[in-house]
Amino acid sequence: MANRNQNKSKKSKSIVIETQNLRKSFRFAKSEISVLRGVDLKVKEGELVVIFGPSGCGKSTLLNILLGLEEPTTGEVKILDEEIYNLSPDERAHFRVRRMGMVYQQPIWIRSLSVIENVAFPLYNLNLTKTSSLREARLVLSWLGLEKFKNHYPATLSGGEQQKVTVARAIVANPTIVFADEPTGNLDTKAAGEVIETLKFLNRKLGRTVILVTHNPQYLHLSKSLYYMEDGKVFKTSSQAIAKHIAEISI
Amino acid sequence: MKFKYLLEIAFRNLWFRVGRTVITIAGVVIGIGAIVFLVSLGYGLQKMTLAQIGTMKLLEVLDVYSEKSTIVRMNDKEVERISNLAHVEATTPLISLGGKIKRGDKETEAIIYGAERRYFDFSETSLSTGAGFTGDLNEAILNTAALDLLGVKNPRDVLGETIKTDVVLTKSVAPNLKKERETEKNLKVKVVGVVSENGSAAVYLPLFKLTSKGVENYQLLKVKIDSKEWVEQLRFQIENFGFRVDWIGDTIAQVNQVFNLFKIILGAFGGIALLVSALGIFNTLTVSLMERTREIGVMQVLGMRGKDIQKLFLIEAGLIGAVGGTAGTLVGYGLGQLLNYLLQIFATRAGAEAVAIFYTPLPFAILVGLFALLIGLFTGIYPALRARHIHSLDALRYE
């Protein structure tokens, strides 16, 4: 696949996500609520980025904007040098499938399809043949040690297994960037650990850029690229600073 | 997304909720089955009625009568005029007189017809027993109504028997008669055939037997033409000579008209069932849409386009319609055939003639099947549009 080779040749730490003065506000009845108040974010290829913040700080809105699902009120979003809100919705959908993968807190499945078919689903949307879609899906499942579940229905798997399959689905189209929005929120400690290991594997062994959004302080140590998000703004920070900050708030 | 994947996913979705799908399809099967069953009854009865009226070859025969009020009489001069018209293949006249038939000590009033041998080829009254006229002038063919009145049970018993007839001649049919009315009594004739004909008792004598007694005016002239496409042209020409023209096609058209109305009424009853099943499809799709809202959201995030999502729902609706339509058509057809079969058994036991009262023409069956598909697609439009316009983020938050 040409795409795969292209990613490798670009390995010279190019910028994959860039936002400038990103703002988003929602109107409720007569009042206007600003959720993002000027977010500047730069992510380099191959990074594992952790965005940490309390509930309601605007993390999900930021992710949705980066994914091309929600247009910002003002500001620019460049993903792999593409100004994605200049694309038509269909072009954006196509771009998203090729370049970005998504893992949600709760896995959502096409319930009538088996694990391998769910994983292959994004490739159907890229008009790949069934044979090659399923071949890619099996390959990705085997990377994550999930091949044994391929003919199960996703709903019959445990929460942790399901979440790992979601990761497989997120990377099947060989995207450069994988977003994970509270991927361990609904899991017990052991399963959560496995999912985090999977994401680390994606980043270290498969060279994907991973953006992990969480409010769980356990995951602060995962990366040096740590951002703290509060009141619609994003700050570059360190785990010690956050620990101190949390301590201050709780007092 | 490629159509075949959409089709496959649609099929899998329906299969995933197989119980619900089967019930929805069953609704369509009942609706379509009822339509096919009832309308097949209409077609069957229509076919039976048309079979009673006559065969296709009679469509090439015109019946020409002289109007009662007119002075134009059907005689040899007029027969020749008509015979010389283009596209007329052959003609054969019919004389109709009053009279009596006597057999042993029984006698009955009867119509005395004069006809040529080929008259029976151009008419719905065809020989059921016997060989018909041979050319001898002293022969007769009786109809079944006459046999009843003469006390004959089996038509074969009377073949070869000599019976007597009285023939009443009047000046209106035989202008050269000396008196206004004259009766030829006790003509001896040999029975050479029997025709199936209910109603009035009648005996057919050779045409020449009556013309030799001075009959010149015919009641009717059968005109055989070379193709039914000339019916209107010849009807116009012959009517201009001052005659009335009847054609069996007119009767068939009237019968068809009545039965078409009948079929529409029967179809409408089935249509009510189909309407209910259409609501069933609609309901199923709406419930499925609500259940799958989050699924639709994630399909969008994974790159599925709005129009593909719309197509997916339309295909699911169409599949329900198509499967229900096919099965319904088969069920309706099968039920009709089953009843035909049972009727045949009863008829055979009762010694009666077997009848098929259900008839399903293939084009009708195909049309109804397609109709079911259309009903499915039509009811799918609204849920499909709703699915298409679901906003992915709202869908993902949907509980």
State all residues of segment B:120-142 that are more than 26 Å from the chain's Cα centre (by Cα) and in a strand (DSSP E or B); if no residue qualifies, say none.
B:THR129, B:GLY130, B:GLU139, B:ALA140, B:ILE141, B:LEU142
Mind checking which helices (runs of 4 or more DSSP H) fall wholly inside segment A:79-191 and carry at least 2 residues that are in contact (Cβ under 8 Å) with a residue 12 or more places away in the chain and under 17 Å from the mean Cα position of the chain (by Cα)?
A:89-99, A:115-125, A:159-171
Pairs, please: C-beta under 7 Å, at least 6 apart or cross-chain, first residue modelled with pLDDT of 85 or more and in segment B:333-354, second among the β-branched types (Val, Ile, Thr)?
B:TYR333/B:VAL36; B:TYR333/B:THR360; B:GLY336/B:THR360; B:ASN340/B:ILE357; B:LEU343/B:VAL355; B:LEU343/B:ILE357; B:ALA347/B:VAL355
Out of B:LYS171, B:LYS209, which single residue is at pLDDT 90 or above and within 18 Å of B:GLY114 (Cβ to Cβ)?
B:LYS209
For segment B:335-357, enumerate the residues that are surrounded by 16 or more Cβ atoms within 10 Å (Cβ to Cβ), out of contact with any Ser or Thr (no Cβ under 9 Å at 6 or more places or on another chain) and under 23 Å from B:LEU274 (Cα atoms).
B:LEU339
Quick check on my filter: what residues within segment A:203-229 are out of contact with any strand residue (DSSP E or B) (no Cβ under 6 Å at 6 or more places or on another chain) and over 23 Å from A:ALA243 (Cα atoms)?
A:ARG204, A:LYS205, A:LEU206, A:GLY207
Total residues in segment B:81-105, condition without any contact (Cβ under 8 Å) to a residue 60 or more places away in the chain and over 35 Å from the mean Cα position of the chain (by Cα)
2
Within the group B:ARG305, B:ARG294, which residue is within 13 Å of chain A (Cβ to nearest Cβ), touching a residue at least 40 places away in the same chain (Cβ under 8 Å) and either buried (at least 23 other Cβ atoms within 10 Å of the Cβ) or more than 53 Å from the chain's Cα centre (by Cα) (or both)?
B:ARG294
Matching option when the condition is assigned to a loop (DSSP other than H, G, I, E, B) and either of a type in the set (A, V, I, L, M) or within 14 Å of another protein chain (Cβ to nearest Cβ) (or both), among A:LEU69, A:LEU63
A:LEU69
Given (1) among the aromatic types (Phe, Trp, Tyr); (2) within 30 Å of A:THR131 (Cα to Cα); (3) touching a residue at least 12 places away in the same chain (Cβ under 8 Å), number of the condition B:PHE16 does not satisfy
(3)
Just a yes or no: is a residue in segment B:227-250 loosely packed, with under 14 Cβ neighbours inside 10 Å and under 16 Å from the mean Cα position of the chain (by Cα)?
yes
Within segment B:13-29, the residues that are buried (at least 21 other Cβ atoms within 10 Å of the Cβ) and away from chain A (no Cβ under 14 Å) are B:THR24, B:ILE25, B:GLY27, B:VAL28, B:VAL29
Counting only residues that are more than 29 Å from B:THR21 (Cβ to Cβ) and buried (at least 22 other Cβ atoms within 10 Å of the Cβ), which one in segment A:105-162 is nearest to the other protein chains (Cβ to nearest Cβ)?
A:VAL140
Of the numbered conditions (1) within 14 Å of chain B (Cβ to nearest Cβ); (2) crowded, with 22+ Cβ neighbours inside 10 Å, A:ASP181 fails exactly one; give the number of that condition.
(2)
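Among the candidates B:LEU169, B:LEU177, which residue alone is within 41 Å of the chain's Cα centre (by Cα) and either in a strand (DSSP E or B) or not hydroxyl-bearing (Ser, Thr, Tyr) (or both)? Spell out how you get there, then give the answer.
On the way: B:LEU177 fails: within 41 Å of the chain's Cα centre (by Cα).
B:LEU169 is the lone residue from the list that is within 41 Å of the chain's Cα centre (by Cα) and either in a strand (DSSP E or B) or not hydroxyl-bearing (Ser, Thr, Tyr) (or both).
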Has segment A:80-102 got at least one residue that is farther than 30 Å from A:GLN20 by Cβ and facing chain B (nearest Cβ under 10 Å)?
no
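The values are calculated or read from the model by the stated rules, or taken from the named source; none is laboratory data. Model, not experiment: these values are computed from the prediction. Neighbour counts are summed over all protein chains in view; Cβ atoms, including those assigned to glycine, are modelled from backbone coordinates with ideal geometry.
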